[in-house]
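Notes to accompany the following structure.
The values are calculated or read from the model by the stated rules, or taken from the named source; none is laboratory data. The shown structure was predicted, so the numbers you read here are calculated from the model rather than taken from an experiment. Virtual Cβ from ideal backbone geometry, glycine too; neighbours counted across all protein chains shown. The area values use the complete protein model at the heavy-atom level, side chains included, leaving out ligands, DNA and RNA. Shrake-Rupley method; radii C 1.70, N 1.55, O 1.52, S 1.80 Å.
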Amino acid sequence: MSDSDSRKKILVADDDPVVLDLLASYISSLGYTPVTVKDGLAAVKELEKLDCSIVVTDMMMPRMNGMELLRYIRRHHPRTSVIVVTGYDRTFSYTEVIKAGASDFISKPFSADELEAKLNRVIREQELVRQLELLSISDALTGLFNRRHFDAKIWEEVHRAHRQGHDAFLLLMDVDRFKEYNDQYGHPAGDQLLQTLAGILTSCIRTNVDWAFRFGGDEFSVIQAQIGWEQAMDTGRRIMEKYAEHEFSTTSLSVGVARFIRHEGNSWQEDVADLVQRADKAMYQAKQGGRNKIIADNESSPDLG
(Lines give C-alpha, C1' and ligand atoms only; values in the text may rest on other atoms or scores of the structure.)
Protein backbone atom coordinates (compact mmCIF):
# COMPACT_ATOMS: atom_id res chain seq x y z
CA MET A 1 0.00 0.00 0.00
CA SER A 2 1.29 3.45 -0.85
CA ASP A 3 1.73 6.16 1.76
CA SER A 4 -1.09 8.18 0.20
CA ASP A 5 -3.45 5.19 0.38
CA SER A 6 -2.73 4.70 4.08
CA ARG A 7 -3.59 8.35 4.73
CA LYS A 8 -7.02 7.93 3.10
CA LYS A 9 -8.06 5.08 5.43
CA ILE A 10 -9.04 5.68 9.05
CA LEU A 11 -9.47 2.74 11.41
CA VAL A 12 -12.41 3.12 13.82
CA ALA A 13 -12.82 0.90 16.90
CA ASP A 14 -15.98 0.99 19.05
CA ASP A 15 -18.17 -1.76 20.51
CA ASP A 16 -21.32 0.37 20.24
CA PRO A 17 -22.74 -0.22 16.74
CA VAL A 18 -24.64 3.08 16.79
CA VAL A 19 -21.51 5.11 17.59
CA LEU A 20 -19.46 3.03 15.15
CA ASP A 21 -21.91 3.76 12.32
CA LEU A 22 -22.02 7.44 13.27
CA LEU A 23 -18.22 7.76 13.25
CA ALA A 24 -18.02 5.90 9.93
CA SER A 25 -20.65 8.20 8.43
CA TYR A 26 -18.85 11.35 9.61
CA ILE A 27 -15.49 10.09 8.33
CA SER A 28 -16.95 9.15 4.94
CA SER A 29 -18.51 12.60 4.60
CA LEU A 30 -15.04 14.12 5.08
CA GLY A 31 -13.65 12.18 2.13
CA TYR A 32 -11.88 9.37 3.99
CA THR A 33 -12.49 5.63 4.00
CA PRO A 34 -13.50 4.27 7.43
CA VAL A 35 -12.51 0.73 8.38
CA THR A 36 -14.63 -0.34 11.34
CA VAL A 37 -13.96 -2.92 14.07
CA LYS A 38 -15.72 -3.71 17.35
CA ASP A 39 -12.80 -4.04 19.77
CA GLY A 40 -9.08 -3.54 20.27
CA LEU A 41 -8.00 -7.04 19.23
CA ALA A 42 -9.81 -6.69 15.91
CA ALA A 43 -8.12 -3.31 15.50
CA VAL A 44 -4.70 -4.91 16.01
CA LYS A 45 -5.41 -7.43 13.23
CA GLU A 46 -6.56 -4.68 10.86
CA LEU A 47 -3.49 -2.56 11.59
CA GLU A 48 -1.25 -5.39 10.44
CA LYS A 49 -3.07 -5.45 7.10
CA LEU A 50 -3.96 -1.81 6.48
CA ASP A 51 -1.14 0.29 7.92
CA CYS A 52 -3.59 3.13 8.62
CA SER A 53 -2.10 6.47 9.58
CA ILE A 54 -4.99 7.38 11.95
CA VAL A 55 -7.00 5.34 14.46
CA VAL A 56 -10.14 6.60 16.19
CA THR A 57 -10.91 4.40 19.19
CA ASP A 58 -13.39 4.16 22.03
CA MET A 59 -11.88 3.51 25.46
CA MET A 60 -14.31 0.99 26.96
CA MET A 61 -14.32 -2.13 24.73
CA PRO A 62 -14.28 -5.89 25.39
CA ARG A 63 -11.19 -8.08 24.96
CA MET A 64 -8.80 -5.11 24.58
CA ASN A 65 -9.81 -1.66 25.73
CA GLY A 66 -8.79 1.62 24.15
CA MET A 67 -5.91 2.29 26.55
CA GLU A 68 -4.42 -1.14 25.83
CA LEU A 69 -4.86 -0.55 22.10
CA LEU A 70 -3.23 2.86 22.39
CA ARG A 71 -0.20 1.38 24.14
CA TYR A 72 0.04 -1.36 21.53
CA ILE A 73 -0.02 1.20 18.70
CA ARG A 74 2.67 3.31 20.38
CA ARG A 75 4.95 0.24 20.58
CA HIS A 76 4.29 -1.33 17.19
CA HIS A 77 2.99 1.50 14.95
CA PRO A 78 4.64 4.65 16.31
CA ARG A 79 3.83 6.67 13.18
CA THR A 80 0.09 6.06 13.58
CA SER A 81 -1.88 8.84 15.28
CA VAL A 82 -4.66 7.93 17.73
CA ILE A 83 -7.75 9.97 18.55
CA VAL A 84 -9.47 8.67 21.67
CA VAL A 85 -13.26 8.83 22.13
CA THR A 86 -14.41 8.62 25.75
CA GLY A 87 -17.85 7.93 27.18
CA TYR A 88 -20.02 9.95 29.47
CA ASP A 89 -18.41 8.52 32.59
CA ARG A 90 -14.93 9.82 31.60
CA THR A 91 -13.24 6.69 32.99
CA PHE A 92 -9.95 7.96 31.61
CA SER A 93 -8.92 11.58 31.96
CA TYR A 94 -7.58 13.78 29.19
CA THR A 95 -4.18 13.86 30.88
CA GLU A 96 -3.98 10.06 31.17
CA VAL A 97 -4.86 9.58 27.53
CA ILE A 98 -2.41 12.16 26.20
CA LYS A 99 0.38 10.86 28.44
CA ALA A 100 -0.25 7.39 27.04
CA GLY A 101 0.43 8.73 23.54
CA ALA A 102 -2.91 9.79 22.07
CA SER A 103 -2.85 12.66 19.58
CA ASP A 104 -6.23 14.02 20.68
CA PHE A 105 -9.34 13.35 22.75
CA ILE A 106 -13.09 13.57 22.06
CA SER A 107 -15.87 13.22 24.62
CA LYS A 108 -19.26 11.73 23.81
CA PRO A 109 -21.58 13.17 22.63
CA PHE A 110 -19.57 14.78 19.83
CA SER A 111 -20.40 16.56 16.59
CA ALA A 112 -19.17 16.13 13.03
CA ASP A 113 -17.53 19.55 13.24
CA GLU A 114 -15.54 18.55 16.32
CA LEU A 115 -14.37 15.30 14.73
CA GLU A 116 -13.41 17.15 11.54
CA ALA A 117 -11.38 19.71 13.50
CA LYS A 118 -9.54 16.98 15.40
CA LEU A 119 -8.80 15.00 12.25
CA ASN A 120 -7.61 18.07 10.37
CA ARG A 121 -5.20 18.98 13.17
CA VAL A 122 -3.75 15.47 13.28
CA ILE A 123 -3.38 15.37 9.49
CA ARG A 124 -1.61 18.75 9.46
CA GLU A 125 0.81 17.52 12.11
CA GLN A 126 1.49 14.31 10.18
CA GLU A 127 2.15 16.28 6.98
CA LEU A 128 4.55 18.60 8.80
CA VAL A 129 6.44 15.60 10.19
CA ARG A 130 6.62 14.07 6.69
CA GLN A 131 7.98 17.31 5.24
CA LEU A 132 10.61 17.61 7.96
CA GLU A 133 11.63 13.98 7.49
CA LEU A 134 11.89 14.49 3.73
CA LEU A 135 14.10 17.54 4.23
CA SER A 136 16.38 15.57 6.52
CA ILE A 137 16.97 12.83 3.92
CA SER A 138 17.09 14.98 0.77
CA ASP A 139 19.94 16.75 -0.96
CA ALA A 140 19.10 20.45 -1.17
CA LEU A 141 20.74 21.04 -4.56
CA THR A 142 19.50 18.07 -6.59
CA GLY A 143 16.35 16.98 -4.75
CA LEU A 144 17.62 13.38 -4.69
CA PHE A 145 17.98 11.43 -1.47
CA ASN A 146 21.19 12.18 0.41
CA ARG A 147 23.99 9.98 1.73
CA ARG A 148 22.29 9.72 5.11
CA HIS A 149 19.24 8.12 3.51
CA PHE A 150 21.43 5.94 1.31
CA ASP A 151 22.96 4.38 4.42
CA ALA A 152 19.47 3.48 5.69
CA LYS A 153 18.01 2.44 2.34
CA ILE A 154 20.84 0.15 1.25
CA TRP A 155 20.45 -1.73 4.53
CA GLU A 156 16.71 -2.06 3.99
CA GLU A 157 16.97 -3.13 0.34
CA VAL A 158 19.64 -5.81 0.75
CA HIS A 159 17.73 -7.34 3.65
CA ARG A 160 14.56 -7.42 1.57
CA ALA A 161 16.38 -8.89 -1.42
CA HIS A 162 17.99 -11.60 0.67
CA ARG A 163 14.69 -12.43 2.39
CA GLN A 164 12.77 -12.64 -0.90
CA GLY A 165 15.51 -14.47 -2.79
CA HIS A 166 16.31 -11.91 -5.49
CA ASP A 167 19.34 -9.80 -6.35
CA ALA A 168 20.13 -6.22 -5.35
CA PHE A 169 22.54 -4.04 -7.31
CA LEU A 170 24.44 -0.86 -6.54
CA LEU A 171 25.49 1.56 -9.27
CA LEU A 172 28.06 4.19 -8.29
CA MET A 173 28.90 6.96 -10.75
CA ASP A 174 31.22 9.93 -10.84
CA VAL A 175 31.25 12.93 -13.19
CA ASP A 176 34.52 12.84 -15.09
CA ARG A 177 36.46 16.15 -15.18
CA PHE A 178 33.83 17.88 -13.03
CA LYS A 179 36.41 20.12 -11.31
CA GLU A 180 37.69 21.30 -14.68
CA TYR A 181 34.12 22.06 -15.77
CA ASN A 182 33.47 23.99 -12.55
CA ASP A 183 36.69 25.96 -12.91
CA GLN A 184 35.97 26.83 -16.53
CA TYR A 185 32.24 27.62 -16.38
CA GLY A 186 31.70 28.53 -12.74
CA HIS A 187 29.85 26.97 -9.82
CA PRO A 188 26.33 27.90 -11.03
CA ALA A 189 26.99 25.94 -14.23
CA GLY A 190 28.37 23.06 -12.17
CA ASP A 191 25.23 23.09 -10.03
CA GLN A 192 23.09 22.98 -13.18
CA LEU A 193 25.04 19.96 -14.40
CA LEU A 194 24.43 18.11 -11.14
CA GLN A 195 20.72 18.99 -11.21
CA THR A 196 20.45 17.75 -14.78
CA LEU A 197 22.14 14.47 -13.86
CA ALA A 198 19.74 14.07 -10.95
CA GLY A 199 16.82 14.41 -13.37
CA ILE A 200 18.37 11.83 -15.66
CA LEU A 201 18.74 9.34 -12.81
CA THR A 202 15.11 9.82 -11.82
CA SER A 203 13.94 9.30 -15.39
CA CYS A 204 15.97 6.10 -15.82
CA ILE A 205 14.79 4.19 -12.75
CA ARG A 206 11.51 2.68 -11.58
CA THR A 207 9.49 4.82 -9.17
CA ASN A 208 9.30 3.36 -5.63
CA VAL A 209 11.29 0.30 -6.74
CA ASP A 210 14.72 1.75 -7.51
CA TRP A 211 16.35 4.57 -5.54
CA ALA A 212 18.70 7.38 -6.62
CA PHE A 213 21.01 9.34 -4.32
CA ARG A 214 23.56 12.10 -4.38
CA PHE A 215 26.36 10.13 -2.79
CA GLY A 216 28.55 13.17 -2.22
CA GLY A 217 30.07 15.96 -4.32
CA ASP A 218 29.84 14.83 -7.94
CA GLU A 219 29.22 11.18 -7.07
CA PHE A 220 25.78 9.60 -7.37
CA SER A 221 24.37 6.16 -6.67
CA VAL A 222 21.41 4.00 -7.64
CA ILE A 223 20.04 0.98 -5.78
CA GLN A 224 18.12 -1.55 -7.89
CA ALA A 225 16.45 -4.82 -6.92
CA GLN A 226 14.42 -7.61 -8.54
CA ILE A 227 16.48 -7.40 -11.73
CA GLY A 228 19.41 -9.25 -13.32
CA TRP A 229 22.90 -8.23 -14.34
CA GLU A 230 21.98 -7.18 -17.88
CA GLN A 231 19.18 -4.94 -16.64
CA ALA A 232 21.49 -3.30 -14.09
CA MET A 233 24.12 -2.70 -16.76
CA ASP A 234 21.46 -1.40 -19.15
CA THR A 235 20.37 1.14 -16.53
CA GLY A 236 23.95 2.40 -16.25
CA ARG A 237 24.34 2.60 -20.03
CA ARG A 238 21.04 4.44 -20.41
CA ILE A 239 22.10 7.01 -17.80
CA MET A 240 25.41 7.53 -19.57
CA GLU A 241 23.74 7.94 -22.96
CA LYS A 242 21.21 10.47 -21.70
CA TYR A 243 23.93 12.40 -19.93
CA ALA A 244 26.05 12.52 -23.10
CA GLU A 245 23.12 14.07 -24.99
CA HIS A 246 23.48 17.23 -22.89
CA GLU A 247 27.09 17.77 -24.02
CA PHE A 248 28.49 19.24 -20.82
CA SER A 249 31.83 20.13 -22.41
CA THR A 250 34.43 17.38 -21.88
CA THR A 251 32.64 15.78 -18.92
CA SER A 252 31.30 12.23 -18.97
CA LEU A 253 30.28 9.54 -16.49
CA SER A 254 32.24 6.63 -15.07
CA VAL A 255 29.98 3.94 -13.60
CA GLY A 256 30.70 0.93 -11.40
CA VAL A 257 28.14 -1.83 -10.82
CA ALA A 258 28.16 -4.49 -8.08
CA ARG A 259 25.72 -7.12 -6.83
CA PHE A 260 25.07 -7.69 -3.14
CA ILE A 261 26.64 -10.92 -1.89
CA ARG A 262 25.87 -12.47 1.48
CA HIS A 263 29.14 -14.01 2.68
CA GLU A 264 29.08 -16.84 5.20
CA GLY A 265 30.58 -15.70 8.48
CA ASN A 266 30.25 -11.99 7.69
CA SER A 267 27.98 -9.60 9.53
CA TRP A 268 25.39 -7.65 7.56
CA GLN A 269 27.42 -4.49 8.15
CA GLU A 270 30.49 -6.13 6.62
CA ASP A 271 28.57 -7.30 3.55
CA VAL A 272 26.97 -3.89 2.96
CA ALA A 273 30.39 -2.24 3.27
CA ASP A 274 31.75 -4.87 0.87
CA LEU A 275 29.05 -4.04 -1.68
CA VAL A 276 29.86 -0.32 -1.57
CA GLN A 277 33.58 -1.01 -1.75
CA ARG A 278 33.23 -3.27 -4.80
CA ALA A 279 31.01 -0.80 -6.65
CA ASP A 280 33.45 2.00 -5.79
CA LYS A 281 36.41 -0.07 -7.02
CA ALA A 282 34.62 -0.83 -10.30
CA MET A 283 33.84 2.86 -10.77
CA TYR A 284 37.48 3.82 -10.34
CA GLN A 285 38.51 1.08 -12.75
CA ALA A 286 36.21 2.79 -15.26
CA LYS A 287 37.92 6.13 -14.59
CA GLN A 288 41.41 4.68 -14.80
CA GLY A 289 40.47 2.84 -17.98
CA GLY A 290 39.84 6.07 -19.87
CA ARG A 291 36.60 7.40 -18.32
CA ASN A 292 33.14 7.38 -19.91
CA LYS A 293 32.85 3.65 -19.18
CA ILE A 294 30.70 1.27 -17.17
CA ILE A 295 32.50 -1.55 -15.36
CA ALA A 296 30.95 -4.54 -13.60
CA ASP A 297 32.52 -5.73 -10.37
CA ASN A 298 34.60 -8.83 -11.11
CA GLU A 299 33.71 -10.69 -7.91
CA SER A 300 29.94 -10.55 -8.31
CA SER A 301 29.42 -10.39 -12.09
CA PRO A 302 28.94 -13.22 -14.55
CA ASP A 303 30.78 -13.22 -17.87
CA LEU A 304 28.81 -10.53 -19.69
CA GLY A 305 30.78 -10.98 -22.89
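Here are the numbers for the structure shown:
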quantity	calculated
Those strands (runs of 3 or more DSSP E) lying entirely in region 67-186 with at least 1 residues open to solvent by 20 Å² or more (accessible area, probe 1.4 Å)	104-107
Qualifying positions in region 187-226 - hydroxyl-bearing (Ser, Thr, Tyr) and buried (at least 21 other Cβ atoms within 10 Å of the Cβ)	221
Only one of 125, 116 that is more than 20 Å from the chain's Cα centre (by Cα) and in contact (Cβ under 8 Å) with a residue 24 or more places away in the chain	116
Filter result for residue 260 (hydrophobic (A, V, I, L, M, F, W, C), modelled with pLDDT of 95 or more, closer than 14 Å to residue 170 by Cα and under 27 Å from the mean Cα position of the chain (by Cα))	yes
Qualifying residues in region 263-296 (those that are open to solvent by less than 30 Å² (accessible area, probe 1.4 Å) and more than 17 Å from residue 157 (Cβ to Cβ)) - the one farthest from the chain's Cα centre (by Cα)	286
In region 210-247, the residues that are of a type in the set (Phe, Trp, Tyr), in a helix (DSSP H, G or I) and within 15 Å of residue 279 (Cβ to Cβ)	229
